[in-house]
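Report on the structure given below.
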Amino acid sequence: MSDWIRSQLPQEPERDLGSLQLAWLGDAVWELHQRLRFCKTPGRSQDLHQAVVSFVRADAQAAALEKLEPFLTDQERDYVRRGRNRAGRGPKRADAGVYGRATGFETMIGWLFLQNPARLAQLLDRLEETDTVLS
């Protein structure tokens, strides 16, 4: 399901984008990826929405990051760290650590989407392989 990302061309380095802007972009990329995964699944709109929400919540993003951590490069880990450090407290009902890891994950996703879409697709494919093995 990550072919749409592979077709993206890398962008010029975005020196003006901070960690939170990359996280904002990464959140949108991650949600679109999840929506594309579920759009071929038959079901009511509400059910599909709930399925996607279960993957884009902070705890699910933090879990995805945990699965990917052994495969990340030092530069990817650095973007995760930058995003995590800029995350702030997050919503009252969220655990600050989980929220920080999720923001770090989104930051890395946003950066990879702009700089190395093929690598992003590779990591997303790895997540899907891991999910298939665990099912």
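The values are calculated or read from the model by the stated rules, or taken from the named source; none is laboratory data. Everything numeric here is computed off the predicted structure, so don't read it as measured data. As a convention, Cβ positions derive from the backbone with ideal geometry for all residues, glycine included, and neighbour counts pool all protein chains shown.
A compact table of results
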item	result
Residue match in segment 59-80 (condition: exposed (fewer than 15 other Cβ atoms within 10 Å of the Cβ), at pLDDT below 90 and either of a type in the set (Val, Ile, Thr) or farther than 10 Å from PHE105 by Cα (or both))	no
Filtered residues of segment 1-43 (kept if at pLDDT below 90 and among the hydroxyl-bearing types (Ser, Thr, Tyr))	SER2, SER7, THR41
Within segment 35-56, tally of residues that are part of a loop (DSSP other than H, G, I, E, B) and over 18 Å from ILE5 (Cα atoms)	4
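Table: residues versus (1) closer than 20 Å to GLU76 by Cβ; (2) more than 16 Å from the chain's Cα centre (by Cα); (3) of a type outside the set (Ser, Thr, Tyr).
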| site | (1), (2), (3) |
| --- | --- |
| ASP3 | no, no, yes |
| PRO10 | yes, yes, yes |
| ASP16 | no, yes, yes |
| ARG35 | no, no, yes |
| CYS39 | no, yes, yes |
| SER45 | no, yes, no |
| LEU48 | no, yes, yes |
| VAL53 | no, no, yes |
| ASP59 | no, no, yes |
